[in-house]
Amino acid sequence: MNLPLIPAPATTATADETFVVGGTVGVVVQSPELAGPAARFIEDVRLDSDVVLSREATGITVLIDSTGLDEVAPAAGLRADNANADERYRLEITGEGVRVWGPTAEAVHRGLTSLRQLIAAHAQDGLAALPTARVVDGPRFAWRGLSMDVVRTFHAPDVVRRVIDMLSLYKLNVLHLHLTDDQGWRVEVPSRPMLTDVGAKGAIGDRPGGYYTQDELAELVAYAAERFVTVVPEIDMPGHTTAVFSAYPELAPAELRSVDLGNGTSIPLNTLDPERPEIWSFVEDVLDGVIPQFPQSAYVHIGGDEAWGMADEAHAAFVERTAALVRARGKRVVGWQEIARASISSDDVVQYWLEPRQLDSMDDDAVSSTLPPDLLPVLVEHMKKAEQDVPRALAHGSRLLLSPVSRLYFDSPHAAESSDPAQEELRKRVGLPFYTPISVRDGIDWNPTGITPGVDSDAQIVGVEAAIWCETITTPEELEFMLLPRLPGASEKGWSRTPTDWPDYASRLAPHSTTWRHRDWTWFQSSEIDWA
């Protein structure tokens, strides 16, 4: 029997009996630290389906135990919280009841997440007849996440919480918040109030700006932590700093430069200058203001990408000094792949995104015709340098966080048509037009060790992280439309150890639409899937 679980478990076995879950079934907690996960499980089941579990009955037992997990290897890679948390779990459903166990509360949460999915897939009239089954499971990689742009369109805390709920449902454990960019600044720095008083006012075009107060961020970080998701902050430097210069003009270059895109917008070619002492006072103020707001994260993302027009030596000097400041504050460094052009440490994580095929696409007439003539040579030069980023990173002994554009950039247009004609206008409008459209199948037809040049071992990889950028995304509904049904595919690539078979995956994915409907999540009804 095909269990409709995503990501696919390491091992499963099923039998012909069933166990019916409903109002007369509850959760028995045998370890005190599981009280929170058990309560959230009961609430999540209610939100996922029409099944309401009792808070006083028995039937589902959860406990801390490591028995029977050795057939699944521990995860490769690194965790964003640097914790030594084993996520392997075991789920057993018999005719008499359900047992879920693992060595940590997080492991039990992962097992309960699988149980959630099974209940939602089998729910009918307030009951769920679950097939008897045994699942022994654990992740391939320790870091499995989503990078979320909250700058080009500011997404309020309630929107971010909905995204965290999606991550939790698919066993993703990192939310990487892209908090600063040219269009705005979204995090408070008490010693630099103009960053939010002035720098937070904008977004793309006439979209409203905004920022997260310290209280709002504390609530988001806690909400994520309760669901075993670590929030990692990104402060993008030395490029993407127009909002900084708006707030503090004295930090800007003497002459501001940009490339006109011909549609009323432009791409800035301005960066923070590492030769100026006041720049470093600013960087230290920012780090000291931001780091305490993300206590669960062992990492600070320093950006480092697309430093247009900056000399290679100046870029390397900036990355090296910024990385040293992060380390001096007890945190680890993660940055986009361009940081590999500096002398980085083997402990630093390099986020791979620019694939060789992106350079090839610059020669495509259809792509180049969509770009302003002044921008094309800038991009071509940047892409050519990018060819050496992964070899440099591996030579430093650094490991890679995989975010390949062709598979995991969720702002790429949807490739297939929607089975709902009413969605076709939105499908054609949302998504960056110079990205190759991505289908649901494209999202799972790849292997992390096969897609990255020079990588042949899981030991070279930290994990997998999708990315969603919001140039064309203006509303929460459009955000969700681009995340679903792609997000489950990202979870499959980060968690599952075996290659994904498309017909099997499509059949496992189809029932998940019932949960999305119950949650009132907006999702793209790809014609590739025979949805439930």
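Which angle between 0 and 90 degrees, to the nearest 10, do you get for helix 486-495 versus the longest principal axis of the chain when only C-alpha atoms count?
80
From the phi of every residue in the range 44-58, what ³J(HN,Hα) in whole Hz does the Karplus formula 6.51 cos²θ - 1.76 cosθ + 1.60 yield, where θ is phi - 60° and glycine or proline is x?
5, 4, 4, 6, 6, 8, 9, 8, 10, 8, 7, 8, 10, 7, 10
Mind pulling the angle between the C-alpha long axis of helix 277-290 and the longest principal axis of the chain? Nearest 10 degrees, somewhere in 0 to 90.
Orientation of helix 277-290: about 20 degrees from the principal axis.
Enter the mean projected area of the convex hull around the alpha-carbon atoms of the chain, in nm², rounded to one decimal.
Numbers: hull surface 93.1 nm².
It is 23.3 nm².
Under a 5 Å amide H to amide H cut-off, with H placed in plane at 1.01 Å, what residues pair with ALA298 once short-range neighbours are removed?
For ALA298, whose amide H was placed from the backbone, the distant partners under 5 Å are ASP81, ASN82.
Would you list ILE267, ILE438 from fewest to most Cβ contacts within 10 Å? Walk me through the numbers on the way to the answer.
Details: ILE267 18, ILE438 23.
In increasing order of surrounding Cβ atoms, one gets ILE267, ILE438.
Each residue of the range 84-97 in order: what ³J(HN,Hα) in whole Hz does its phi give by Karplus 6.51 cos²θ - 1.76 cosθ + 1.60, θ = phi - 60°, with x for Gly and Pro?
In residue order, the calculated couplings are 9, 9, 7, 9, 5, 9, 9, 10, 10, 10, 10, x, 9, x Hz.
So what is the 222 nm mean residue ellipticity for the chain from helices alone, if each DSSP H run of at least 4 adds -39500 (n - 2.57) and you divide by all residues, rounding to the nearest 500 deg cm²/dmol? Working shown, then result.
Details: 19 runs with 175 residues, N = 532.
Estimated from H runs of four or more residues: -9500 deg cm²/dmol.
Compute the helix-to-body angle for 312-328: its Cα long axis versus the longest principal axis of the chain, expressed 0 to 90° and rounded to tens.
Once rounded, the angle reads 50 degrees.
Nearest-5 percent of antiparallel DSSP beta bridges in the range 143-519?
Details: 5 of 39 bridges.
Within the range 143-519, antiparallel bridges account for around 15 percent of the total.
Among TRP185, TRP308, which comes first, second and so on when ranked by fewest other beta-carbon atoms within 10 Å?
Lowest to highest Cβ neighbour count: TRP308, TRP185.
Could you list which residues have their amide H under 5 Å from that of GLY59, counting only those 5 or more apart in sequence or on another chain, with H placed in the peptide plane?
GLY26, VAL28
Give the long-range amide H neighbours of VAL52: residues separated by 5 or more places, or on another chain, with amide H under 5 Å away, using H modelled in the peptide plane at 1.01 Å from N.
The answer is GLY23.
Among SER418, SER343, what is the fewest-to-most ranking by other Cβ atoms within 10 Å?
On the way: SER418 17, SER343 12.
Ascending Cβ contact count within 10 Å gives the list SER343, SER418.
When the Kirkwood radius is taken over all Cα pairs of the range 131-225, what Stokes-Einstein diffusion coefficient follows at 4 °C and 1.567 mPa s, in µm²/s?
On the way: Rh = 14.9 Å.
Rounded to a whole number, D works out at 87 µm²/s.
I'd like the projected area of the range 1-49, averaged over all directions, using the convex hull of its alpha carbons. Report it in nm² with one decimal. It would help to have the intermediate numbers written out before the result.
Numbers: hull surface 20.3 nm².
Projected over every direction and averaged, the Cα hull of the range 1-49 covers 5.1 nm².
Over 19 Å apart: what share of the alpha carbon pairs of the range 379-474 falls there, rounded to a whole percent? Please list the in-between numbers first.
Working: 2395 of 4560 pairs.
Taking all Cα-Cα pairs of the range 379-474, the fraction more than 19 Å apart is 53 percent.
Applying the Karplus parametrisation 6.51 cos²θ - 1.76 cosθ + 1.60 with θ = phi - 60° to the phi angles of the range 121-126, what ³J(HN,Hα) value in whole Hz is obtained for each residue in order, glycine and proline being reported as x?
5, 10, 6, 7, 6, x
How many percent of Cα pairs in the range 11-137 exceed 21 Å?
36
Bear in mind these aren't lab numbers, they're just calculated from the coordinates by the rules spelled out. In this text, all values refer to a predicted model and were calculated from it rather than measured experimentally. Reconstructed Cβ throughout: ideal geometry from the backbone, glycine too, with neighbour counts over all protein chains shown.
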